[in-house]
Ligand code: DC
C-alpha cells in the first residue's frame, strides 16, 4: 500500500504523514528531506542552487539516502546524518531552489520510487501523487491558508527560540508556495484523483483522522 500526501509548505504534511503511517503500522518517507539534503550540499559547495548545470554536476557526485525506522527518518548526505542540519530557513530556501532543476528532480524521483517499492509506506512531498507514485493506493492534497501555515511555523519557531517575525515567516511561505507551484518541472498541484483536505480549521489529530476515515471507508 502506498499513500501519497502532497501540499504546500507548512500544511503539516510531515507530522500528519507520520501520524497516518503510525496508525496503519507502515513506514513514512519524507521526500522534502532529500531535496533539503541536496540544498545543504549546494550551500556547502558554494554554488547557486538554481544554476541547473552546476546543480546537475553536483547532484551526480552526491549520495543521498534515507533510513526509515520506528523513530522516524534519518537523512544521509554522503553518509553523514544531516537530519537536524537540514531544518534551517537557509536550507529550506536552497531546497526549494535546487528542486527547480530537472536533473535533480529526476534523480530524487528515481530514489523515491525505489524506496516505495520496498514496503508499504506513506510518502509526503509536492509531486508524489502526480509524478512519483501516480498509482498510489490513496492520494491526499493537504492544504491550509498561507496565514494559518505561517502562524503554525511562527509558533514552532518561538517554541524553539528561533528569531524571526510573523511577517517574515508569512513572506517566506508565500515566496516558497509561488516557486513550488510555478516552477516548470513537476510543479506542486493537486492530482485529479487526490482527496482535498483543508486543515485551516482542523487540529493535527482531526486531520490524521480525516485521512484514516477515507482509507478505512475504502477498505470496507
Ligand atoms: O517539504 P519540505 O518543506 O521539506 O520541502 C523542501 C523543498 O523541497 C520544497 O520547497 C520543495 C521541494 N520538494 C519538491 O520539490 N518535491 C518534493 N517531493 C518534496 C519537496
Condition check: in contact with a helix residue (DSSP H, G or I) (Cβ under 7 Å, 6 or more places away or on another chain) and either farther than 19 Å from residue 208 by Cβ or surrounded by 15 or more Cβ atoms within 10 Å (Cβ to Cβ) (or both). Does residue 45 satisfy that?
yes
Within region 107-120, the residues that are in contact with a helix residue (DSSP H, G or I) (Cβ under 7 Å, 6 or more places away or on another chain) and either buried (at least 19 other Cβ atoms within 10 Å of the Cβ) or part of a strand (DSSP E or B) (or both) are 108, 109, 112
Among the residues of region 8-47, write down those that are more than 10 Å from the ligand (Cβ to nearest atom), in a loop (DSSP other than H, G, I, E, B) and touching a residue at least 12 places away in the same chain (Cβ under 8 Å).
12, 26
Just to check your reading of the model, which residue among 62, 75 is part of a loop (DSSP other than H, G, I, E, B), surrounded by 14 or more Cβ atoms within 10 Å (Cβ to Cβ) and either modelled with pLDDT of 95 or more or touching a strand residue (DSSP E or B) at 6+ places or on another chain (Cβ under 6 Å) (or both)?
62
Flagged in region 177-220 as within 17 Å of residue 10 (Cβ to Cβ), in contact (Cβ under 8 Å) with a residue 12 or more places away in the chain and touching a helix residue (DSSP H, G or I) at 6+ places or on another chain (Cβ under 9 Å), in numbering order, are 177, 179, 180, 188, 190, 197, 199, 200, 204, 207, 208
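Condition test on residue 184, is it within 13 Å of the ligand (Cβ to nearest atom), part of a loop (DSSP other than H, G, I, E, B), surrounded by fewer than 17 Cβ atoms within 10 Å (Cβ to Cβ) and over 16 Å from the mean Cα position of the chain (by Cα)?
Yes; evaluated as a whole, the condition is true for this residue.
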Out of 140, 195, I need the residue that is away from the ligand (no atom under 13 Å from the Cβ) and within 14 Å of the chain's Cα centre (by Cα). Which one?
140
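The values are calculated or read from the model by the stated rules, or taken from the named source; none is laboratory data. Just so you know, these numbers come straight off a predicted model, no measurement behind them. Every residue, glycine among them, receives a Cβ derived from its backbone with ideal geometry; neighbour counts consider all protein chains shown.
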